[in-house]
Amino acid sequence: MRLLLDTHVLIWWAGRKRVVPAAADAIRSPENEVFVSVASVWEAEIKAASGKLKLTAELAAEPAEHGFSPLDINARHAVAAARLPQHHNDPFDRMLIAQAQLEGLTIVTRDPVFDRYSVAVLRA
């Protein structure tokens, strides 16, 4: 399975917080490839800079530290995110959805908004 961590899951994983056992097992499994979008690092750093979030880890270093693959944003992702149905307006979630759709990834999240889109989800 190819997984894409939602921003909150990345933060929890970096801070050694618990995710549900099925998601934790999938993230740890050497049979699965785990991706972290640069959109998640960007979102978390914006929230940290504004004082809305206190980060306990250097998120830019987390993918390499845990053997996760970084996922850059490209023009195809940008176009797909812009063209998604307007179920909600969070640009970072919309980017993760577009990336998951285009790259064939399952999003690991606890956010129910992802259910409104055509994307595979693994509950965290």
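The values are calculated or read from the model by the stated rules, or taken from the named source; none is laboratory data. Values in this document were obtained by computation on a predicted structure and should not be read as measured data. Please note: Cβ atoms are built from the backbone with ideal geometry, for glycine as well, and neighbour counts cover all protein chains shown.
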Suppose the filter is surrounded by fewer than 21 Cβ atoms within 10 Å (Cβ to Cβ), modelled with pLDDT of 95 or more and either more than 23 Å from VAL113 (Cα to Cα) or aromatic (Phe, Trp, Tyr) (or both); does TRP42 pass it? yes
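On the given criteria, is VAL34 within 24 Å of ALA98 (Cα to Cα) and either assigned to a loop (DSSP other than H, G, I, E, B) or modelled with pLDDT under 95 (or both)? Don't jump to the end; show me each part of the working.
Numbers: within 24 Å of ALA98 (Cα to Cα): yes; either assigned to a loop (DSSP other than H, G, I, E, B) or modelled with pLDDT under 95 (or both): no.
Against the criterion (within 24 Å of ALA98 (Cα to Cα) and either assigned to a loop (DSSP other than H, G, I, E, B) or modelled with pLDDT under 95 (or both)), VAL34 does not qualify.
Can you say whether ALA39 is touching a residue at least 60 places away in the same chain (Cβ under 8 Å) and on the phi < 0 side of the Ramachandran plot, as far as the supplied structure shows? First the steps, then the outcome.
Numbers: touching a residue at least 60 places away in the same chain (Cβ under 8 Å): yes; on the phi < 0 side of the Ramachandran plot: yes.
In short, yes.
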Restricting attention to the stretch 86-95, does a residue exist that is within 16 Å of the chain's Cα centre (by Cα) and over 21 Å from ALA44 (Cα atoms)? no
Six or more apart or on different chains, Cβ under 8 Å: which pairs go from a residue in the stretch 47-67 that's under 17 Å from LYS17 (Cβ atoms) to one that's part of a loop (DSSP other than H, G, I, E, B) and among the basic types (Lys, Arg)? Could you list them? ALA48/LYS54
For THR56, all conditions in the list (1) closer than 23 Å to LEU102 by Cα; (2) in a loop (DSSP other than H, G, I, E, B) hold save one; what is the number of the exception? (1)
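In the set ALA98, ALA24, which member is in a helix (DSSP H, G or I) and surrounded by fewer than 19 Cβ atoms within 10 Å (Cβ to Cβ)? Can you show your working first?
Details: ALA98 fails: surrounded by fewer than 19 Cβ atoms within 10 Å (Cβ to Cβ).
Going through ALA98, ALA24 in turn, the sole match is ALA24.
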Restricting to the stretch 101-121, name every residue that is part of a loop (DSSP other than H, G, I, E, B) and under 11 Å from ARG2 (Cβ atoms). GLY104, LEU105, ALA120
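Specify the residue that is surrounded by the most Cβ atoms within 10 Å (Cβ to Cβ); the eligible residues are those in the stretch 3-17 that are more than 12 Å from the chain's Cα centre (by Cα) and not small (Gly, Ala, Ser). So that I can check it myself, show each step before the final result.
Pass one, the stretch 3-17, residues more than 12 Å from the chain's Cα centre (by Cα): 14-17.
Filter once more, so that each one left must be not small (Gly, Ala, Ser): 16-17.
Numbers: ARG16: 8, LYS17: 11.
The qualifying residue surrounded by the most Cβ atoms within 10 Å (Cβ to Cβ) is LYS17.
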Need pairs with beta-carbon distance below 6 Å; first residue within 15 Å of ARG110 (Cα to Cα) and within the stretch 20-31, second surrounded by 12 or more Cβ atoms within 10 Å (Cβ to Cβ) and modelled with pLDDT under 95; sequence gap 6+ or separate chains. none
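Right, ASP90: within 22 Å of MET1 (Cβ to Cβ) and among the acidic types (Asp, Glu) or not? Before you say what the answer is, go through the steps one by one.
Values: within 22 Å of MET1 (Cβ to Cβ): no; among the acidic types (Asp, Glu): yes.
Judged against the criteria, ASP90 is not a match.
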Keeping to the stretch 52-64, report how many residues are over 13 Å from LEU5 (Cα atoms) and out of contact with any helix residue (DSSP H, G or I) (no Cβ under 8 Å at 6 or more places or on another chain). 4
